[in-house]
There are 2 protein chains.
Amino acid sequence: MGFKCVHHTKVKLESMQETGAKGIKVRWLIKEDDGAPNFAMRLFELEPKGYSPLHSHNWEHEVYILEGNCQVTCEGEKCDASAGYAVYVPPNAKHQFVNVGKSKLRFLCLVPHH
Amino acid sequence: MGFKCVHHTKVKLESMQETGAKGIKVRWLIKEDDGAPNFAMRLFELEPKGYSPLHSHNWEHEVYILEGNCQVTCEGEKCDASAGYAVYVPPNAKHQFVNVGKSKLRFLCLVPHH
C-alpha cells in the first residue's frame, strides 16, 4: 500500500466498547491495512471524566497529548499530562488514562502491531 | 526502563545537520534508550522555507502535523498537510517535508528502530 495524507476528521470515529472504559472514541489514523509494517497510530478522544481501562498488556504505548488534561497512571505512579506531553508506557505496566479536565481530551497513541 | 511522562520542551532540541536539509531541529521524545522496544517518537520543527532531505530509506514514517503548513512529496505525489493531518510514508518511497507556511512547522514523526 502507498502514501497516505489525510486530515484526521476524514478518518472514521469509532466507539470503544471495551470493559472498564468510559467515554472513549478512537480514529485509526494509520494501520496495518494501510501497509504500515510495524505500528499503528490512533487518535483517542475522551469525554470529561472518561477513562481507558486500567490494565496491562505485553506491548508498549507511545502517546502524545494534543489537547486537554490527562492524568496518566502507570504502575501506581501518576503524571498530569496536558497538551505537548509525550508519554511512554512500557510493556506489561498497569496503566490508565483519565480525562481530569472540563473539556475533551485528545491524544495520539501508537502501538506495535500485536 | 520505565514510565516516561514529559513536556516536549524539556527534551533537548537538536540541530539536524543532514545533507540536503535546511532549517530543521528535532527532539527525540521517546527513543530506544528509554526502553522503547520497537519505534521512536521525534518532534520536528522546521523554519519557514525549511525542508527535510529528498530521499528514501527502507523504513517507514508515521507523521502527525501539529502546527503550520507542510507540503509533503512522496514518489512525486504532493499533499498539503496542515495541523491535524496524518501522513504515512511507505518504506523505500522518495519523500520530502517542506515548510510552505509563514510560521514554524511542527510535526511528530515516528520511525521503527533501524
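Determine if the stretch B:45-52 includes at least one residue that is among the hydrophobic types (A, V, I, L, M, F, W, C), surrounded by 16 or more Cβ atoms within 10 Å (Cβ to Cβ) and more than 9 Å from every other protein chain (Cβ to nearest Cβ). Before you say what the answer is, go through the steps one by one.
In the first step, residues of the stretch B:45-52 are kept if they are among the hydrophobic types (A, V, I, L, M, F, W, C); the result is B:46.
Now restrict to residues that are surrounded by 16 or more Cβ atoms within 10 Å (Cβ to Cβ): B:46.
Of the ones still in play, those that are also more than 9 Å from every other protein chain (Cβ to nearest Cβ) are B:46.
There is at least one residue in the stretch B:45-52 that is among the hydrophobic types (A, V, I, L, M, F, W, C), surrounded by 16 or more Cβ atoms within 10 Å (Cβ to Cβ) and more than 9 Å from every other protein chain (Cβ to nearest Cβ).
Of the residues that sit in the stretch A:23-41 and are more than 9 Å from chain B (Cβ to nearest Cβ) and in contact (Cβ under 8 Å) with a residue 24 or more places away in the chain, which one is nearest to the chain's Cα centre (by Cα)?
My answer is A:Ile24.
Quick grid of which residues meet (1) under 16 Å from B:Gly84 (Cβ atoms); (2) without any contact (Cβ under 8 Å) to a residue 60 or more places away in the chain:
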| position | (1), (2) |
| --- | --- |
| A:His8 | yes, yes |
| A:Gln17 | no, yes |
| A:Ala21 | no, yes |
| A:Leu43 | yes, no |
| A:Pro48 | no, yes |
| A:Gly76 | no, yes |
| A:Cys79 | no, yes |
| A:Tyr88 | no, yes |
| A:Phe97 | no, yes |
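Values quoted throughout were computed directly from the atomic coordinates according to the rules given, and no laboratory measurement underlies them. Because the structure is predicted, anything quoted here is derived from the model rather than measured. All Cβ positions, even for glycine, are placed from backbone atoms using ideal geometry, and neighbour counts span all protein chains on display.
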